[in-house]
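The values are calculated or read from the model by the stated rules, or taken from the named source; none is laboratory data. It should be emphasised that the depicted structure is a prediction, and the values quoted were computed from it without experimental measurement. Cβ placement follows ideal geometry from the backbone for every residue including glycine, while neighbour counts extend to all protein chains displayed. Ligands, DNA and RNA are stripped out before the accessible areas are found, and what is left, the full protein with its side chains, is counted by its heavy atoms. Shrake-Rupley method; radii C 1.70, N 1.55, O 1.52, S 1.80 Å.
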Amino acid sequence: MSSRPSILLLGILGFIGLAVSACSSSQQVPDGKQKRQAIKTVQKWMTGTFSNRQQSSTSPAEFHDIRLVQVPIWEYREDGPWMYVEQAHADELDRPYRQRIYQLSVQPDGRVASHVFALPGNPLEYTAPWRGDGSLGGLHPDSLEARPGCTVVFQRVDGNTFKGGIEGTGCPSDLSGASYLTSDVTLRSDRILVWDRGYSPDGEQVWGSTVGPYMFRRTSSSGPE
């Protein structure tokens, strides 16, 4: 007879524990307002002109002097935000070596995904949208080449930091004999840290920094002056 209250008590405690756990889990899922704020913050911190000149001057053997530009485009669309992105060597600003289109979206768990698209044809035909109306010469999302394995997913770390990266080895690269690339990105209100690396099929790094990320500091909140 004495064991029955104990069993009942354990059952009640177990039920309470499950209820508290379920309540705690539901509270951890961001609501609509939090998700909108997250994607708005990610876009704001990604937008602008950035330079790693200070880093390059200190460690020229490890880091090239690069300008990074990321600006909103197609702001009339409701499936965005969309951004045009380019990187160029400081002494060849009119000939960017990397051009991409990013589309931001919020995942159910509140993380922000940056989906990557390649430009069709000759990408140099679509440079510097900040000099015109941002239409990229009539380019439409339907003409872009999706790169689904290259999506970067951001998680808020604290009030001034988002961290993210490519998940897995599904982002292809053929540069310098690479098979795939990885990318780790940290967003802060005044800078972006990017560590891109290319790997051979057997996992050997064949391009990219071996000592740490490129540190791009914002020099303008928009495209180049």
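By how many degrees, between 0 and 90 and to the nearest 10, does the Cα long axis of helix 32-46 differ from the longest principal axis of the chain?
30
Any idea what angle helix 3-28 forms with the longest principal axis of the chain, computed on alpha-carbon atoms, 0 to 90 degrees, nearest 10?
Orientation of helix 3-28: about 20 degrees from the principal axis.
Normalised by the number of residues in the chain, what is the relative contact order in percent for Cα pairs under 8 Å and 6+ residues apart?
18 percent.
Quick check on packing: order 71-82, 108-119 by the mean number of other C-beta atoms within 10 Å, highest mean leading. All intermediate terms of the calculation are to be shown ahead of the outcome.
Values: 71-82: 15.3, 108-119: 17.8.
Output ranking for 71-82, 108-119: 108-119, 71-82.
Under a 5 Å amide H to amide H cut-off, with H placed in plane at 1.01 Å, what residues pair with Ser220 once short-range neighbours are removed?
The list, which skips near neighbours in sequence, is Thr49.
Seen from all sides and averaged, what is the projected area of the convex hull of the Cα atoms in region 32-129, in nm²?
7.7
What does the extension gain come out to for Glu167 and Ser221, with contour length at 0.36 nm per residue minus their alpha carbon separation?
Extra length available between Glu167 and Ser221 comes to 16.6 nm.
Might you tell me the accessible area per residue for the chain, computed with a 1.4 Å probe and given in Å²?
That works out to 57 Å² for each residue.
Taking the Cα centre of each part, how many Å lie between region 39-106 and region 114-156?
12
Considering only protein heavy atoms and a 1.4 Å probe, what is the carbon-and-sulfur percentage of the accessible area of region 81-191?
The C+S portion of the solvent-accessible surface of region 81-191 is 45 percent.
Pairwise over distinct Cα atoms, reciprocal of the mean inverse distance: report the Kirkwood radius of the chain in Å, one decimal place. Before the final figure, lay out each step's value.
On the way: mean 1/r = 0.0507 Å⁻¹.
Computed over Cα pairs of the chain, the Kirkwood hydrodynamic radius comes out at 19.7 Å.
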